[in-house]
Amino acid sequence: MPRELRPLVRALSLRPTELAGRRAWHGPGVVAATLGVGPRAARRSTGLLLEASGASGVLVIGVAGACDPDLRVADVVNPVRVVDAADGTTFEPDAFLTGTAGAREGTLVTVARIGDPVPAGSWAVDMETAAVAAECAARGVPWDVRRAVSDVPGGLPASTADLLRADGRVDVGGLVRLLVREPAKVGALVRLGRDTGRAVTAVTAAAAAALGAHR
């Protein structure tokens with residue numbers, strides 16, 4: 001999502017460009033772009049960006065929801081495996097980047113929609129990484145992932161899925177309608193916004209360090 005990418009653009013002093021017909025940012029040895037929300041958008045975007053950039057490796061960054069109660073907001077997750085919840089396909093990151101000190105190493109599961117069931121033993125959940133991994137595997141491109149926890153079990157309002165547009169931006173009209181209909185959710189949404197900000201800060205630091213060491 002744009003909110004997940006902007007701090008990394010600033011941290012690495014990346015400059016705007018265009019890639020695969022979309023806005024992107026670039027600097028020495030790095031090209032950055034958003035993928036969209038969900039597995040289908042992520043895989044399509046990954047393929048287009050790889051073709052246009054000729055990149056030799058992919059790092060997926062962003063926020064994730066915690067499944068394991070031991071995880072806390074802003075914990076960085078450096079998964080040892082990624083599972084596609086739709087069919088159970090498992091991917092192992094190539095780990096071509098320097099590991100993140102203090103990161104939690106467990107299973108990250110990718111779902112098609114917020115609130116979808118996840119396999120037992122999952123540490124965290126997102127909506128894109130398995131799709132990126134599948135596209136990279138099909139093309140023989142190494143990939144890695146860093147995610148940071150933005151919400152813990154039971155902390156995400158069920159209607160959140162309806163507030164995200166395909167490009168990752170918030171549907172402001174939908175947000176207003178939700179708050180008119182269910183004003184009691186104001187507190188939960190404010191907390192989610194704050195916690196997402198903390199998670200983005202944490203994953204930006206982890207990604208900038210990993211990419212900086214790789215240059």
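Taken over region 52-131, the percentage of Cα pairs per 10 Å bin, counting from 0 up to the bin with the maximum distance, is 18, 52, 26, 4, 0. A cut-off under 11 angstrom between Cβ atoms defines the neighbours of I61, and their net charge, with Lys, Arg +1 and Asp, Glu -1, is -2.
Put simply, the amide H of G115, placed in the peptide plane, has no neighbours under 5 Å, leaving out anything fewer than 5 places away on its chain.
Neighbour counts of other C-beta atoms within 10 Å: give me S122, S53 arranged from fewest to most. The partial results should precede the final answer.
Numbers: S122 21, S53 15.
Fewest-to-most ranking of S122, S53: S53, S122.
So which GluC sites (Glu not before Pro) in region 1-80 end up in coil per DSSP with only 15 or fewer other C-beta atoms within 10 Å? Write out the running numbers ahead of the final one.
Numbers: sites: E4, E18, E51; in loops: none.
Answer by residue number: there is no such site.
The Cα center of region 83-130 and the Cα center of region 1-69 differ in position by 17 Å. In a DSSP loop and with at most 13 other Cβ atoms within 10 Å, the GluC sites (Glu not before Pro) in region 66-139 are E105.
Values in this text are rule-based calculations from the coordinates and carry no lab data. Quantities reported herein were computed from a predicted structural model and do not represent experimental measurements. Ideal geometry is used to build each Cβ from the backbone, glycine not excepted, and the neighbour counts take in all protein chains shown.
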